[in-house]
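To start, the structure under review is shown below, and the notes come after it.
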Amino acid sequence: MISNDNKLSVTILGSGTCVPSLKRSSCSVLMRIDDTALLFDSGAGTMRRLLEAGVDIYDVAFLFYSHFHPDHTGELASFLFSNKYPDGSRRKRPLTLVAGKGFLKFYENLKFVYGNWIELGPGRLNIIELNTDGHDTRRFDDFKVESIPVEHNPESIAYRITGPGGKSVVYSGDTDFSENLVVLSKDADLLICESALPDGLKVSGHLTPSLAGEIARRANVRKLVLTHFYPECDRADIGKECRKSYAGPLILAEDLMKIEI
Ligand SMILES: [Zn+2]
Ligand SMILES: [Zn+2]
């Protein structure tokens, strides 16, 4: 069992991208609300980082996907397969997968490849597709999930989680500049925002530190975490670039960094 004195905490499991790195695993974020463990994305290395963070895979109750790129979904099949060891009985509660439109087909296609190797058995897996045409809200256990489309892939959504005490965390997933992300992040306690490349190397579909900072400033978030760093970011002064547009509390993500909310 997970025990945690704090109501809501976040651990960055992977602060990297598709680029292999010993320092930065592919994208994944762990959130704990009381005794419930939520994962956001599961790129390569997620299960190893979970172990390092002291969390058993069987205790992950919800797995949210921002979009389907392999650096965010790569370890899903392995995660499901591992949950069946030795006979699936170690999981005490069902696993709920949540993602944007098209995810049911994505899962069916994985099953086309792996068959029952990744089937958890009756009552052990729920799949929820969220609206990708606009804002969506769902309530689970003692937290609320809101999502909104962002600028990356057709299925891309950002998430806002609001815990029992009203504390809120936003996870951007991958995105270019997004007015929707400003709206979703309004007055959030924490915004975990992608900042893929330094200001001078902007590419379509991704943010830079100063653009992420602009979103955080306009949304009036209480704290900003930048993540999803390509190697170029480790050769630039990301913090300084973000300070061009944002003056509030700022954290540059590293793997296994824990943030209390
Ligand atoms: Zn990505
Ligand atoms: Zn992507």
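We did not get these values from a lab; they are worked out from the coordinates using the rules stated. Small disclaimer: the values here were computed from a predicted structure and weren't measured. Positions of Cβ are backbone-derived with ideal geometry, glycine not excepted, and every protein chain shown enters the neighbour counts.
Here the contact order of the chain, divided by its residue count and restricted to Cα pairs under 8 Å and six or more residues apart, works out to 18 percent. You can think of it this way: the chain between Arg139 and Val113 has 6.1 nm of extra reach, that is 0.36 nm per residue less the Cα-Cα gap.
Extent of the range 179-226 along its three principal axes (Cα atoms, max minus min coordinate, largest first): 29, 18, 13 Å. Can you compute the label reach from Asp187? Point 7 Å from Cα along the Cβ direction, backbone N cut-off under 13 Å, restricted to the range 121-154. The answer is none. Taking Cα atoms, how many degrees apart are the long axis of helix 209-219 and the longest axis of the chain, rounded to 10 and kept between 0 and 90? Computed tilt is about 80 degrees. With the Cα gyration tensor of the range 103-261 giving a ≥ b ≥ c as the square roots of its eigenvalues, does the rule (a/c under 1.5 for rounded; else a/b larger than b/c for prolate; else oblate) give rounded, prolate or oblate? It comes out prolate by the Cα gyration axes. Within the range 1-127, the proportion of C-alpha pairs whose separation exceeds 20 Å stands at 41%. Per the Cα gyration tensor, the range 59-104 maps to an equivalent ellipsoid with semi-axes of 21, 12, 8 Å, ordered largest to smallest.
In this entry, the range 106-156 is assigned a mean projected area of 4.9 nm², taken as a quarter of its C-alpha convex hull surface.
Near Leu63: Cβ cut-off under 11 Å, other residues only, Lys/Arg at +1 and Asp/Glu at -1. The net charge is -2.
Extension gain, Arg222 to Leu22, is 68.9 nm, computed as 0.36 nm per intervening residue step minus the present C-alpha separation. Place a point 7 Å from Cα of Asn126 in the direction of its Cβ. Which residues in the range 22-43 have their backbone N less than 19 Å from it? Once the point is set 7 Å along Cα→Cβ of Asn126, 31-41 turn out to lie under 19 Å by backbone N, inside the range 22-43.
Other residues with beta-carbon under 10 Å from the beta-carbon of Asp189 carry, at +1 per Lys or Arg and -1 per Asp or Glu, a net charge of +2.
According to the Kirkwood relation over distinct C-alpha pairs, the hydrodynamic radius of the range 149-241 is 13.1 Å.
Across the range 90-241, Cα pairs under 8 Å and at least six residues apart give a relative contact order of 16 percent. Label point of Lys105 set 7 angstrom out along Cα-Cβ; within the range 56-74, amide nitrogens under 20 Å from it belong to 65-74.
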